[in-house]
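Q: My structure is below; once you've seen it, I'll send some questions.
The values are calculated or read from the model by the stated rules, or taken from the named source; none is laboratory data. This one's a predicted model, so the numbers in the text were calculated from it and none came from an experiment. Reconstructed Cβ throughout: ideal geometry from the backbone, glycine too, with neighbour counts over all protein chains shown. What goes into the accessible areas is simple: the full protein's heavy atoms, side chains included, and nothing from ligands, DNA or RNA. Shrake-Rupley method; radii C 1.70, N 1.55, O 1.52, S 1.80 Å.
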Amino acid sequence: QNGGFAMKNQLRRSRSNRWIAGICGGLGEFFGLSAFWFRLLFLLLLLPGGLPGLLPYLLLWIIIPLEEPR
């Protein structure tokens, strides 16, 4: 009963709302925001030369597990 609630609040990469690795979709689901805002944030961080946006994205890709199949 309560286990379903706990699973819902875990940060996972999205399988359904993804463009590349599901990072932005997973962040959007976790924080209750549209994945668009996280995609925009990473895009803006890429503009100054790439590394400020690419490194955090790659780290999150490695750290955040993929959500379980439904």
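Q: Quick one: check the C-alpha center-to-center distance for segment 52-66 versus segment 22-49, whole angstrom.
A: That distance is 11 Å.
Q: Based on the mean of other Cβ atoms within 10 Å per residue, sort peptides 25-33, 51-59 so the most packed one is first. Don't jump to the answer; show the numbers that get you there.
A: On the way: 25-33: 17.2, 51-59: 13.2.
Per-residue mean Cβ counts within 10 Å order the peptides as 25-33, 51-59.
Q: Give me, ordered by chain and number, the residues 5 or more places off Leu66 or on other chains with an amide H under 5 Å from its own placed amide H.
A: The list, which skips near neighbours in sequence, is Arg13.
Q: Here are some values of Rg and Dmax of the Cα atoms in Å: (1) 13.6, 46; (2) 12.9, 47; (3) 13.6, 48. Which one was computed from this structure?
A: After the calculation, the listed value that fits is (2).
Q: Okay, helix-only estimate at 222 nm for the chain: each DSSP H run of n ≥ 4 adds -39500 (n - 2.57), divide by all residues, round to 500 deg cm²/dmol; what do you get?
A: On the way: 4 runs with 41 residues, N = 70.
When only DSSP H runs of four or more count, the value is -17500 deg cm²/dmol.
Q: Taking the solvent-accessible surface of protein heavy atoms with a 1.4 Å probe, what is the per residue accessible area of the chain in Å²?
A: Numbers: 5150 Å² over 70 residues.
Spelled out: the 1.4 Å probe surface of the chain, per residue, equals 74 Å².
Q: Could I ask something else about it? Can you tell me the length gained on complete extension of the stretch Leu51 to Leu66, counting 0.36 nm per residue apart and subtracting the Cα distance? Walk me through the numbers before you get to the answer.
A: Values: separation 15, 0.36 × 15 = 5.40 nm, distance 2.35 nm.
Length difference between fully extended and current span is 3.0 nm.
Q: If you don't mind, there's one more thing I want to ask. Roughly how many percent of the accessible protein surface of the chain is carbon and sulfur, given a 1.4 Å probe and a whole-percent answer? Numbers along the way, then the final one.
A: Values: 3540 of 5150 Å².
Ligands and nucleic acids excluded, carbon and sulfur reach 69 percent.
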